[in-house]
Amino acid sequence: MDWKKYFNSTILSRGRQYYHEGRVKRLTHRDHEWFAAVKGSRSYNVIARMGEDGDIEGMECSCLYAYSGQNCKHMAALLYAVEADQKENDVQTESELAQQRMDKEDKVIFSIWRMRSSAVRWAVCLH
Ligand SMILES: [Zn+2]
């Protein structure tokens, strides 16, 4: 997700600082729309909408800086939080995949074991 291109470097580093200071509260999302309250001199409501490809489609913030049509540090802070959240999800998905791989291996071992036991039964019949 290349959202950093929408911010100048000053805003970006202040947003990053906000995120690291834990100022992004109540981060939630509905589909591709992310919401949070970012605490600056007061609490601001921030929304970021993403497209299917993860690119930013629109951002809103209740601060004056955003009102003047610019991308503010609160939006940047929200997006840092989203990025961190998605990384966490990736890790979870990775361990789920590992679990699925293990399940598959178990099944393979089980079917080999069944083949063996039926071979043994045949051997008994031939006797
Ligand atoms: Zn703002």
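Please return the ranges of strands (runs of 3 or more DSSP E) entirely within the range 1-78 where 1 or more residues are touching a residue at least 12 places away in the same chain (Cβ under 8 Å) and more than 20 Å from the chain's Cα centre (by Cα). Counting at least 1 such residues, we get 33-39, 43-50, 56-61.
Among the residues of the range 19-46, the ones that are more than 16 Å from Ser62 (Cα to Cα) and within 14 Å of the ligand (Cβ to nearest atom) come to 1 in all. For Ile109, the conditions (1) modelled with pLDDT under 90; (2) among the β-branched types (Val, Ile, Thr); (3) within 16 Å of the ligand (Cβ to nearest atom) are fulfilled apart from (3). Against the list (1) closer than 22 Å to Lys5 by Cα; (2) loosely packed, with under 10 Cβ neighbours inside 10 Å; (3) away from the ligand (no atom under 16 Å from the Cβ), the condition Glu57 fails is (2).
Taking the condition modelled with pLDDT of 90 or more, within 16 Å of the ligand (Cβ to nearest atom) and touching a Lys or Arg at 6+ places or on another chain (Cβ under 8 Å), does Gly69 pass? Against the criterion (modelled with pLDDT of 90 or more, within 16 Å of the ligand (Cβ to nearest atom) and touching a Lys or Arg at 6+ places or on another chain (Cβ under 8 Å)), Gly69 does not qualify.
The values are calculated or read from the model by the stated rules, or taken from the named source; none is laboratory data. Please read all numbers here as calculations on a predicted model, not as lab measurements. Counting neighbours? That spans all protein chains shown, and the Cβs are built from the backbone with ideal geometry, glycine included.
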